[in-house]
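Working notes for the structure below.
The values are calculated or read from the model by the stated rules, or taken from the named source; none is laboratory data. In this text the structure is predicted, and so the values were computed from the model without any measurement. Note: ideal-geometry Cβ built from the backbone for every residue, glycine included; neighbour counts use all protein chains shown.
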Amino acid sequence: MNKTLTLCLVSLFLGSTFSGCLDSGLFSNNDEKIVTAPTWTKGDFWQYSVRTPNLETSTTMVVSVDDDATDYYVGTGSLEDAKRHAVLNHNPALGRVRMLDFAVYENNVPQKIFDFPLKTDKSWSFSLYGEEFVAIVLTSIKDENTDIDISATSNSGATILYHYDTNTRWFTSFQYINANGEDILTMNLANYGGGFTGNAYFCRGGDLYDKEFNGPDLEVYDTVYVNEGHERYGNWNYILYFLEANTGGSGSGELTLKDHLGTELLIETFSPGVTRNEMGSVEGSSGNWTFEIALSGDSYVRMRIAGAIQYTYAV
């Protein structure tokens with residue numbers, strides 16, 4: 001009788017012990033590997049080569065402020081980079097990155113292109129480039145130092161492919177392909193480090209105008225409204241434009257931007273056989289401007305205009 005009672009007690013004890021071990025993960029899958037969020041400090045930088053349709057350039061991200069209560073402030077290593085971003089808006093991480101979860105800001109709304117901690121097959125959603133994307137971790141994570149491939153897709157068929165590197169503490173590649181299969185943006189890391197010193201810049205942009213024109217025999221008169229400034233941050237410091245032009249052997253044209261006082265702020269002419277990709281800035285005494293373009297023959301022009309508020313940080 002005593003022997004039977006002893007066996008029952010031992011059986012109960014072992015059952016409770018192994019149950020506890022299973023729950024604590026000794027024989028379970030609850031110890032799955034994860035990659036946690038990084039930490040940035042002022043002066044950290046990442047230099048990327050950037051390729052967009054008809055343009056190849058480079059940009060340098062710099063952590064300009066790291067002691068804000070909520071956000072890292074991320075600028076560029078040159079004012080030219082900052083202006084280019086304001087009118088082309090190619091790097092989603094410039095401006096602010098939220099400390100809590102490393103979300104980037106799209107139209108002042110935080111968007112998590114990374115959802116830390118990252119783990120195998122984890123999925124989440126975010127909005128970027130005017131679309132809603134669903135992201136998934138593709139990599140089988142072995143330990144906290146695993147580099148991670150992520151794919152994000154939208155309902156339209158657009159895709160973003162990017163790679164997170166634990167040593168660099170940010171993405172080393174980023175590719176955005178639209179629903180038509182066109183490669184809109186490719187960024188690849190060229191260099192990274194810490195201890196950047198000097199000035200960093202950020203230009204808060206606001207899209208004002210973006211249209212494409214094709215010859216032959218085209219004449220357009222349009223209005224660009226610029227006097228309202230940024231809806232939250234006030235008047236623009238200046239107006240930026242980015243001009244793309246391509247004329248064949250028979251192509252030609254002229255483009256004019258003027259204020260309503262008749263002051264010609266910008267005049268561009270296009271002769272046959274020209275390819276141009278250029279950025280510039282204009283200032284005028286009137287808020288609403290007139291945009292005029294005339295094309296003939298084999299010709300293509302895209303004109304983008306944006307307002308910009310400039311910030312300069314000492315790093």
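Taken over the stretch 188-223, residues that are closer than 23 Å to residue 108 by Cα and of a type outside the set (D, E, K, R) amount to 8.
At least 3 residues being surrounded by 15 or more Cβ atoms within 10 Å (Cβ to Cβ), acidic (Asp, Glu) and under 17 Å from the mean Cα position of the chain (by Cα) is the threshold, and among the strands (runs of 3 or more DSSP E) wholly inside the stretch 143-190 not one reaches it.
In the condition set (1) in contact with a Pro (Cβ under 9 Å, 6 or more places away or on another chain); (2) outside any strand (DSSP E or B); (3) of a type outside the set (Phe, Trp, Tyr), residue 244 is compliant with all but (2). When 208, 218, 240 are screened for being within 22 Å of residue 78 (Cα to Cα) and either modelled with pLDDT under 85 or surrounded by 14 or more Cβ atoms within 10 Å (Cβ to Cβ) (or both), only 240 passes.
Summed over the stretch 126-139, residues that are under 16 Å from residue 176 (Cβ atoms) and either assigned to a strand (DSSP E or B) or of a type in the set (Phe, Trp, Tyr) (or both) total 9.
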